[in-house]
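Below: one structure, written as structure tokens.
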Amino acid sequence: MSFGIIYYTFVLLFAGLTYASFEGRLPKIHRLQHLTVFGFSLISEWPLPVIGLKIALIIFASMLGVFKGIVPQIFYIIDLLTMIGLVVIFVDAYEARRAIEQAIQLYSGSKELPTFKSETFWQRMVNPRFIPQDVVYYSNISYATHEEANSANKVAFEQVNFMSLDVYARKQPSDVKPVLLFIHGGEWIRGDKGAPYPLIRHMAESGWVVVSTNYRLAPTSKYPNQLIDVKRALRWIKTHIAAFGGDPQFIAVAGDDAGGQIAAAMAFTQNDPKYQPNFEKTDTSVKACVLINAITDLLDENKFWDMNIGEDFCQNVAGLKVKDESFLKEHSPLHLIKKDSVPFLVFHGDRDTFVPFKASGHFVEEFKKVSKSEIQFIPIPGGHHVYHLFSSPRSHYQAIGVEEWLNHIRHDMMADNDKSAE
Ligand SMILES: *[C@@H]1O[C@H](CO)[C@@H](O)[C@H](O)[C@H]1NC(C)=O
């Protein structure tokens, strides 16, 4: 009997999640938001394990004789319908392959994208923290100077622990490799550099030197400390990355969610002394910027958001008493776009229920108006807010898209350099 109730609860929970994941609609309960954001992405990225779990439960339930009578049979039918929905969601994920194939055609020719034959894809699916043997991982390297560490710890004990980064590099690189600096998301208040982003692992496998960085989190540390910290991480990269086989002359930044805001702000405020206290002379320029479901508009004049993002940012991230529009404009990527910007690549899941998909489209339009630089927008069909955290078809093809685009940007830059050298 009690197992029957567990089974019914599971049936309803997953039926609801599957339907909502498909619809891309969020119940407007703010406190449940993080659960639903994660739940929707779990369903959309890992439908097969969920089906496996369901079949196991059905077998178990029928062994216990749960399915006697009309009510249990109704639940059983709901369960079967949910599984059909999950199969549709699984097939749907392959739309991402088409989206990426089409997007990279411009610079990679009509290249056929690989399937899932790669062993490492499956290894990562079983163990999201899997790192291939020829990639070495150095963790928790501090990027703060003694003075920065001391003053951070004065604000709160051991804050300096956040001022650290991880490096992923090939064991025996044959030549210097380009560098990708990845900035994790989590609304500036949570998240960690060690989260199992398939993109980080894919880029490291493809021979890039990848740096995943932490920064001090709000509300203990107030914005723009997050931006300043990541610029300190960049300072560390420029000085030390050659020792890991990385090329300090080619550093691209990437970030998701709040990390995307920081990545874009870095690209638009490079070498601005305001965000380089006591390291004003350090070159903090980067070569390209990749955004994934990023927060690019803090003012939200078009009201794309379900919540008041500006107020939330001012009060909970920057520690201001009231919403301050000029402060928001100073830190909102949409309002910082420069004519001579670095190139941008923008991804957004079209079912994102947290950061509005439309806001990314708006950012890209505005960028095209203001900047003469290259920008590419790749909507990810069926993608929810954290699809890129799961080892799945979407994140797999997206990672290939990032690699192809960055190689194209780097190739063009090297060709330009050769031309100007002649
Ligand atoms: C790095 O730091 C984190 C958190 O501070 C810790 O959990 C992890 O074990 C550390 N990694 C290594 C290899 O020491």
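The values are calculated or read from the model by the stated rules, or taken from the named source; none is laboratory data. Please read these numbers as outputs of a predicted model, since none were measured by experiment. Don't worry about glycine lacking a Cβ; one is built from the backbone with ideal geometry, like all the others, and counts go over all protein chains shown.
Please verify whether residue 367 is in contact with an Asp or Glu (Cβ under 9 Å, 6 or more places away or on another chain) and assigned by TED's automatic domain parsing to the domain that holds residue 291, treating the condition exactly as stated. For residue 367, the condition - in contact with an Asp or Glu (Cβ under 9 Å, 6 or more places away or on another chain) and assigned by TED's automatic domain parsing to the domain that holds residue 291 - is not met. Any chance segment 161-171 includes a residue that's assigned by TED's automatic domain parsing to the domain that holds residue 264, over 21 Å from residue 389 (Cα atoms) and modelled with pLDDT under 95? Within segment 161-171, one or more residues are assigned by TED's automatic domain parsing to the domain that holds residue 264, over 21 Å from residue 389 (Cα atoms) and modelled with pLDDT under 95.
Consider residue 206 carefully, then state whether it is within 14 Å of the ligand (Cβ to nearest atom) and either under 22 Å from the mean Cα position of the chain (by Cα) or touching a residue at least 12 places away in the same chain (Cβ under 8 Å) (or both). Spelling it out, it is not the case that residue 206 is within 14 Å of the ligand (Cβ to nearest atom) and either under 22 Å from the mean Cα position of the chain (by Cα) or touching a residue at least 12 places away in the same chain (Cβ under 8 Å) (or both). Taking the criterion of being surrounded by 12 or more Cβ atoms within 10 Å (Cβ to Cβ) and either in a helix (DSSP H, G or I) or away from the ligand (no atom under 15 Å from the Cβ) (or both), the residues of segment 138-148 that qualify are 145, 148.
Results for (1) more than 24 Å from residue 197 (Cβ to Cβ); (2) out of contact with any Leu (no Cβ under 9 Å at 6 or more places or on another chain), shown as yes or no for each residue.
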{"position": "48", "(1), (2)": "no, no"}
{"position": "54", "(1), (2)": "yes, no"}
{"position": "62", "(1), (2)": "yes, yes"}
{"position": "81", "(1), (2)": "yes, yes"}
{"position": "88", "(1), (2)": "yes, yes"}
{"position": "115", "(1), (2)": "no, yes"}
{"position": "126", "(1), (2)": "no, yes"}
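The set of residues in segment 149-198 that are away from the ligand (no atom under 16 Å from the Cβ), part of a strand (DSSP E or B) and more than 15 Å from residue 233 (Cα to Cα) comprises 170, 177, 178. The lone criterion from (1) surrounded by fewer than 21 Cβ atoms within 10 Å (Cβ to Cβ); (2) more than 16 Å from residue 188 (Cβ to Cβ); (3) free of Cβ contacts under 8 Å to residues at least 60 places away in the same chain left unmet by residue 284 is number (1). Among the residues of segment 212-235, write down those that are touching a strand residue (DSSP E or B) at 6+ places or on another chain (Cβ under 7 Å) and farther than 20 Å from residue 135 by Cα. Within segment 212-235, 214, 230, 233, 234 qualify.
In segment 373-415, the qualifying residues are those that are acidic (Asp, Glu) and modelled with pLDDT of 95 or more, and the one that is farthest from residue 121 (Cα to Cα) is 374. Residues that are within 23 Å of the chain's Cα centre (by Cα) and of a type in the set (Phe, Trp, Tyr) within segment 103-125 comprise 116, 121, 122, listed in sequence order.
Table: residues versus (1) more than 20 Å from the chain's Cα centre (by Cα); (2) of a type in the set (Phe, Trp, Tyr).
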| position | (1), (2) |
| --- | --- |
| 328 | yes, no |
| 331 | no, no |
| 349 | no, no |
| 360 | no, no |
| 371 | yes, no |
| 377 | no, yes |
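Restricted to segment 40-97, and to residues there that are among the hydrophobic types (A, V, I, L, M, F, W, C) and not in a helix (DSSP H, G or I), the residue that is surrounded by the fewest Cβ atoms within 10 Å (Cβ to Cβ) is 64.
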